[in-house]
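Reviewing the structure listed below.
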Amino acid sequence: MPEAKDMPEDGAQGVISPWRMGWVAARANFIPGLILQAVALALVVTYYTNDAAGARLDELARLKDRVGFAYSATSGAFFCGLLPWFFRVAIPSLRPRRLWGDLVFSLLWWAAMCMGTDAFYRGQAMFWGAENSVGTVILKTACDMLIFTPITAAPLNAISHLWKENEFSFIRTREALRGNWYRKIVMPNLVPNWMLWTPGIALVYSLPTLLQVPMANLIGCFWSLLCITIAAGGRPR
């Protein structure tokens with residue numbers, strides 16, 4: 001993703017718009033996002049059309065049913081924490097300054113975040129129903145993208161990555177959060193978030209409830225890479 005100094009500036013004062021910063025991030029990840037959506041769509045289609053593949057995924061659903069939130073924590077730590085960490089280690093420009101601290105943070109954070117997401121999915125199923133009708137999928141997607149994401153998921157992710165980029169210093173993080181922090185560190189994430197997750201989350205909700213977390217973790221693996229890129233690439237002034 002382009003650094004802040006390379007991005008277009010708005011107005012005479014040269015202040016970079018968070019919306020434009022988010023749009024640049026979304027454009028930079030447009031092709032990988034399309035590939036990811038295609039893979040997710042293929043997985044959903046395969047589940048409903050291929051009996052053998054559907055049976056295997058149903059086994060995964062039964063495993064998640066048995067272990068509950070432990071599955072969410074473990075899979076979240078692996079797909080959204082461990083794999084992106086290996087990605088950062090392998091690329092010198094993205095290599096973490098605190099190698100092992102970054103790993104511990106990533107594993108714990110994404111384990112907790114995926115458990116919270118699992119709880120939200122269960123709540124959605126209880127409130128709107130567990131069926132995958134078009135109306136139910138639309139309602140769940142709207143609730144997710146317009147309420148859960150801007151109020152809970154995006155702010156928590158942005159602040160957590162800001163804290164990590166500030167070398168886990170609460171004082172430096174608090175200083176960075178002065179002023180309109182939501183506009184500065186959350187809004188740049190929302191545009192690529194909506195672009196990636198709106199079709200992706202609709203695919204997630206088209207699956208049975210027990211398979212929604214495994215699907216979300218596949219998309220979350222890419223999203224965590226995007227969060228890393230945004231956190232390392234600078235923020236609007």
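Of the helices (runs of 4 or more DSSP H) that lie entirely inside the range 63-163, those containing 3 or more residues that are without any contact (Cβ under 8 Å) to a residue 60 or more places away in the chain and either under 16 Å from the mean Cα position of the chain (by Cα) or buried (at least 18 other Cβ atoms within 10 Å of the Cβ) (or both) span 99-128. The one condition from (1) closer than 30 Å to Trp85 by Cβ; (2) in a helix (DSSP H, G or I) that Phe168 does not meet is (2). Scanning the range 15-51 for residues that are of a type in the set (S, T, N, Q), part of a loop (DSSP other than H, G, I, E, B) and either surrounded by 16 or more Cβ atoms within 10 Å (Cβ to Cβ) or at pLDDT below 65 (or both) yields Ser17, Asn29.
Among the residues of the range 175-210, those identified as farther than 14 Å from Pro155 by Cβ, in contact with a Gly (Cβ under 8 Å, 6 or more places away or on another chain) and of a type in the set (A, V, I, L, M) are Val191, Met195, Leu196.
The values are calculated or read from the model by the stated rules, or taken from the named source; none is laboratory data. Values in this document were obtained by computation on a predicted structure and should not be read as measured data. As a convention, Cβ positions derive from the backbone with ideal geometry for all residues, glycine included, and neighbour counts pool all protein chains shown.
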